[in-house]
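Beneath this line is the structure, given in C-alpha cells, with notes to follow.
The values are calculated or read from the model by the stated rules, or taken from the named source; none is laboratory data. Since we're looking at a predicted model, the values are computed, not measured. Note: ideal-geometry Cβ built from the backbone for every residue, glycine included; neighbour counts use all protein chains shown. Accessible surface is based on the protein model in full, side chains and every heavy atom, while ligands, DNA and RNA are left aside. Shrake-Rupley method; radii C 1.70, N 1.55, O 1.52, S 1.80 Å.
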Amino acid sequence: MRVESKDDERNHEIQCHVMSKDWCVSFHEFANPKAAFPWLLCATHDEVLRILEWGHISGQHLDEHHRNIARWGVGGGTLRLTERQYRQLIARRQGWPWNGYELQQMKDNGTYPPNRLTPTQEEQFLRNRKSR
C-alpha cells in the first residue's frame with residue numbers, strides 16, 4: 001500500500017514481524033502479502049530496534065512492540081519505507097532466498113550471514129524450489 005507522507009514523498013507500508021526466540025525479523029507488504037522479502041537474524045533486541053527505527057516505526061507501534069515482546073515473545077509493527085528503502089529491501093532479497101528456519105540452521109552452523117548467491121546458483125536454487 002502506498003501512502004503520501006507530509007513531505008510529499010511516496011512511502012510503502014510494510015508489516016514487520018519479530019520473534020524473540022532467535023531475534024528473527026520478517027517483512028510482508030500490505031498490498032501484496034505473498035511478496036517475498038528477506039528474513040533477517042539479529043543477535044540482540046537492540047539490532048531489531050535499529051531495523052524498526054530504520055523503517056520509521058511510529059512511537060505507538062514501538063510501544064506495542066515492546067509490550068508484545070515482553071508478553072508473548074513476538075512483536076513488530078508497521079514500517080513506512082521511502083521508495084529508496086523499499087528498493088533496498090527488494091535488492092536485499094536478490095541472492096538471499098532462504099527462510100527463517102534455514103537461516104537459523106546456518107547461524108547454528110556458523111555460516112550466517114551467508115554469502116550472496118551467484119546468478120547461476122540463484123537460478124539453480126529457484127529451479128529446484130519449483131520442482132518440489
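Tabulated results
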{"quantity": "Unmet requirement for G59, which otherwise passes all of (1) touching a strand residue (DSSP E or B) at 6+ places or on another chain (Cβ under 9 Å); (2) within 17 Å of H17 (Cα to Cα)", "calculated": "(1)"}
{"quantity": "Subset tally (residues that are at pLDDT below 75 and on the phi > 0 side of the Ramachandran plot) for segment 2-51", "calculated": "1"}
{"quantity": "Positions within segment 68-92 being surrounded by 12 or more Cβ atoms within 10 Å (Cβ to Cβ) and closer than 16 Å to M19 by Cβ, in sequence order", "calculated": "N68, I69, V74, G75, G76, G77"}
{"quantity": "Verdict on N32 being outside any strand (DSSP E or B) and either crowded, with 16+ Cβ neighbours inside 10 Å or touching a strand residue (DSSP E or B) at 6+ places or on another chain (Cβ under 8 Å) (or both)", "calculated": "no"}
{"quantity": "Of residues in segment 35-53 being among the aliphatic types (A, V, I, L, M) and not in a helix (DSSP H, G or I), the one nearest to the chain's Cα centre (by Cα)", "calculated": "L40"}
{"quantity": "Qualifying residues in segment 93-120 (those that are open to solvent by 70 Å² or more (accessible area, probe 1.4 Å) and modelled with pLDDT under 75) - the one nearest to A35 (Cα to Cα)", "calculated": "R93"}
{"quantity": "Single match in H66, H56 (criterion: touching a Leu at 6+ places or on another chain (Cβ under 8 Å) and either without any contact (Cβ under 8 Å) to a residue 12 or more places away in the chain or assigned to a loop (DSSP other than H, G, I, E, B) (or both))", "calculated": "H56"}
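Yes/no per residue for (1) in contact with a Phe, Trp or Tyr (Cβ under 9 Å, 6 or more places away or on another chain); (2) open to solvent by less than 80 Å² (accessible area, probe 1.4 Å); (3) closer than 18 Å to E102 by Cβ:
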| site | (1), (2), (3) |
| --- | --- |
| Q15 | yes, yes, no |
| S20 | yes, yes, no |
| W39 | yes, yes, yes |
| T44 | yes, yes, no |
| L52 | no, yes, no |
| S58 | no, yes, no |
